[in-house]
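The values are calculated or read from the model by the stated rules, or taken from the named source; none is laboratory data. This structure is a prediction, so every number in the text was calculated from the model and none was measured. When we count neighbours, we look across all protein chains shown, and the Cβ atoms used for this are built from the backbone with ideal geometry, even at glycine.
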Amino acid sequence: MNNAIITGASRGLGQALARTLVADGWRVVIDARTPADLDRAAGGLGPAAVAVPGDITVPAHRAALLAASARLGPLDLLVNNAGTLGPSPLPPVATLPVEALRELYEINVLAPLALAQAALPALRSAGGVLVSITSDAAVEPYPGWGGYGSAKAALERLTASLAAEEPAVTVWTVDPGDLRTRMHQQAFPGEDISDRPLPEAVAPGFATMLAKRPGSGRYRLADWLRP
Ligand SMILES: NC(=O)c1ccc[n+]([C@@H]2O[C@H](COP(=O)([O-])OP(=O)(O)OC[C@H]3O[C@@H](n4cnc5c(N)ncnc54)[C@H](OP(=O)(O)O)[C@@H]3O)[C@@H](O)[C@H]2O)c1
């Protein structure tokens, strides 16, 4: 049986990825900061899910995630999915509070890097997969998206460097595309986002990636969905 850690799995993309993996026979360690939401998500996944509530920016919580995973067995997959959009409505860079940018980098860059660093020994020995969830805002300078986009750009570069440095681990940067989630609604407050796909619609693409195991690189989830 394969074991994964998926951060930010109480809702949205992380929850959809966890559901897809559990349906494929994986065991998952999942987290989120809000215990009630996480418990509800874990309950829906059944005994294959281990819920570890906490904040990925806290070192003791990251250690708890790895400890829970080690109790299951070898670590085959870490998905650094948890993230924040930052202020909503999205401010232009000219007025983006530096403190908000600091929090964006803490959650979207430094915490996933620290978790990846801590997980690498286990991932190396299992020949596992390390995933950073990114966004097209990392490469496109959409007005208002400079804070979030620059954090994702930093995460992408660190992930690409890990891919070059870690031959024993498969390292993917995965862009899920626009999704109908709470984060996306925060980016477009008051707007109708019902034309965006639900995360459940793209999660099967991730199962296909795991089955086909492409080499380290940057991938768009939509490209792995069967027509
Ligand atoms: N939705 C999109 O259109 C879109 C597009 C491109 C990329 N993405 C990326 O996809 C990923 C998931 O986004 P989403 O739209 O599914 O977001 P979401 O609906 O807001 O879900 C975010 C999840 O992460 C958890 N989380 C947030 N901060 C955390 C922290 N510091 N520690 C632990 N857990 C934390 C949240 O739970 P708590 O709040 O309870 O902690 C929640 O479970 C993110 O990396 C996002 O940047 C999303």
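A few points about this structure:
- Of all residues in region 123-156 being out of contact with any helix residue (DSSP H, G or I) (no Cβ under 9 Å at 6 or more places or on another chain) and in a helix (DSSP H, G or I), the one that is farthest from the ligand (Cβ to nearest atom): Ser125
- Ala201 more than 10 Å from the ligand (Cβ to nearest atom), closer than 12 Å to Thr134 by Cα and either outside any loop (DSSP other than H, G, I, E, B) or touching a Lys or Arg at 6+ places or on another chain (Cβ under 9 Å) (or both): no
- The set of residues from region 159-177 being part of a helix (DSSP H, G or I) and surrounded by fewer than 17 Cβ atoms within 10 Å (Cβ to Cβ) comprises Ala160, Ser161, Ala164, Glu165.
- Residue within region 112-121 that is within 12 Å of the ligand (Cβ to nearest atom) and out of contact with any helix residue (DSSP H, G or I) (no Cβ under 8 Å at 6 or more places or on another chain) present: no
- Within region 51-62, residues that are outside any loop (DSSP other than H, G, I, E, B) reach partners that are near the ligand (Cβ under 8 Å from one of its atoms) and among the acidic types (Asp, Glu) with beta carbons closer than 8 Å, at six or more positions or on different chains, in the pairs Ala51/Asp31; His61/Asp31; His61/Asp55.
- Pairs where the first residue, in region 1-13, is hydroxyl-bearing (Ser, Thr, Tyr) and the second is assigned to a loop (DSSP other than H, G, I, E, B) and modelled with pLDDT of 95 or more, C-beta under 6 Å, 6+ apart: Thr7/Asp31; Thr7/Ile56; Thr7/Asn81; Thr7/Ala82; Ser10/Ala32
- Screening the candidates Arg19, Arg40, Arg27 for the property of being surrounded by fewer than 19 Cβ atoms within 10 Å (Cβ to Cβ) and of a type outside the set (A, V, I, L, M) yields one hit, Arg40.
- Pair list, Cβ < 8 Å and 6+ apart or interchain, from region 198-227 residues that are under 15 Å from Leu77 (Cβ atoms) to residues that are surrounded by 16 or more Cβ atoms within 10 Å (Cβ to Cβ) and basic (Lys, Arg): Ala203/Arg19
- Pairs are defined by a Cβ separation below 7 Å, a sequence spacing of at least 6 or placement on different chains, a first member in region 121-144 that is closer than 21 Å to Gly14 by Cα, and a second member that is of a type in the set (Lys, Arg) and near the ligand (Cβ under 9 Å from one of its atoms); the pairs so defined are Thr134/Lys152; Ser135/Lys152; Ala137/Lys152; Ala138/Lys152.
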